[in-house]
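The structure appears below as structure tokens.
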Amino acid sequence: MSQPIGFFDSGLGGLSVLHEAMLRLPQENFLFFADEDHVPYGTKPPANVKKYVGEAFDFLLSQEVKAIVVACNTATSVAVADMRRRYEIPIIGMEPAAKKALELNGQKRVLVAATPITVAGEKLQHLMERVDIEHLVDLLALPRLVKFAERGEFTSPQVANYLKAELAPFNLEEYSALVLGCTHFNYFKDTLKELLPTEVKFVDGNEGTVRELKRRLAEIDALCKEGESAPQRQVRYFYSGREVSAADELRRLEDLLARLGEMRGL
Ligand code: DGL
């Protein structure tokens, strides 16, 4: 059995990155760690999040993963630099894809939605200084979407009303893109689409993250060759270190992945 690639998120948002990786790296085995005991991260003190990320890494490393994808913008913002100092293993982090969004148009405004920690973090501030030369980017924290996503509530009137109220201060006609700067936000594209002008495009970092993962593994010759994970590649799921094995819970994860498949094209 070839070594798996570890994916880590505070919760179930990271499945959107795993979904992309499963499509693009069909030979690989995966281990997905959702820190269900501590989700949400985005509204907690960064020191607590650092501790949780450290524990998640300890667990993933005990499972002998060959790389870790931090499929969480919030954990990346708070802890990825420390983790890279501590461990040699390839660590691929995520940050809101503001650069990609600005490159799409370059004239109209861009709205970056993320968690409160990511919005307030130094990492995003530095990114803005580098890429938002024309001051076209606005930031918006949407913490309640994480809670809605964790309960599997994506299209209810409560979700729509929350988003409507949060988007109300912006003249959306001035925008070319909405950056999904939290992996949990990918579940809401259909609800968001109803509220946005048709010209506003969704931008996320999933594809870029998986491309970077592939590049880093190729660099150290650690990509699986064809047939190496035969007869079937393995994907295992853990909630804060406990393996998910109950059939109904595995079905819930399958359903979430199916929803993300539907959202992918929007
Ligand atoms: N999914 C996470 C992100 O990408 C954070 C959600 C949370 O726990 O607040 O930022």
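Observations on the model:
- Boolean, residue 120 is under 13 Å from residue 74 (Cβ atoms) and away from the ligand (no atom under 12 Å from the Cβ): yes
- Here 117, 68, 133, 89 are screened, and the one residue that is within 30 Å of residue 251 (Cα to Cα) and hydrophobic (A, V, I, L, M, F, W, C) is 68.
- Residue within region 72-93 that is of a type in the set (Asp, Glu) and within 30 Å of residue 169 (Cβ to Cβ) present: no
- Within region 43-71, considering residues that are under 18 Å from the mean Cα position of the chain (by Cα) and not in a helix (DSSP H, G or I), the one surrounded by the most Cβ atoms within 10 Å (Cβ to Cβ): 71
- Hey, residue 258 of a type in the set (Gly, Ala, Ser) and either under 26 Å from residue 189 (Cα atoms) or in a helix (DSSP H, G or I) (or both) or not: yes
- Yes/no for residue 159 being assigned to a helix (DSSP H, G or I), without any contact (Cβ under 8 Å) to a residue 40 or more places away in the chain and crowded, with 18+ Cβ neighbours inside 10 Å: yes
- Test for residue 112: is it surrounded by 15 or more Cβ atoms within 10 Å (Cβ to Cβ), closer than 20 Å to residue 187 by Cα and within 16 Å of the ligand (Cβ to nearest atom): yes
Read-outs: derived from the displayed coordinates by stated rules, not from any lab. All figures in this text were calculated on a predicted structure; none of them were measured in a lab. We place every Cβ from the backbone using ideal geometry, glycine too, and count neighbours over all the protein chains shown.
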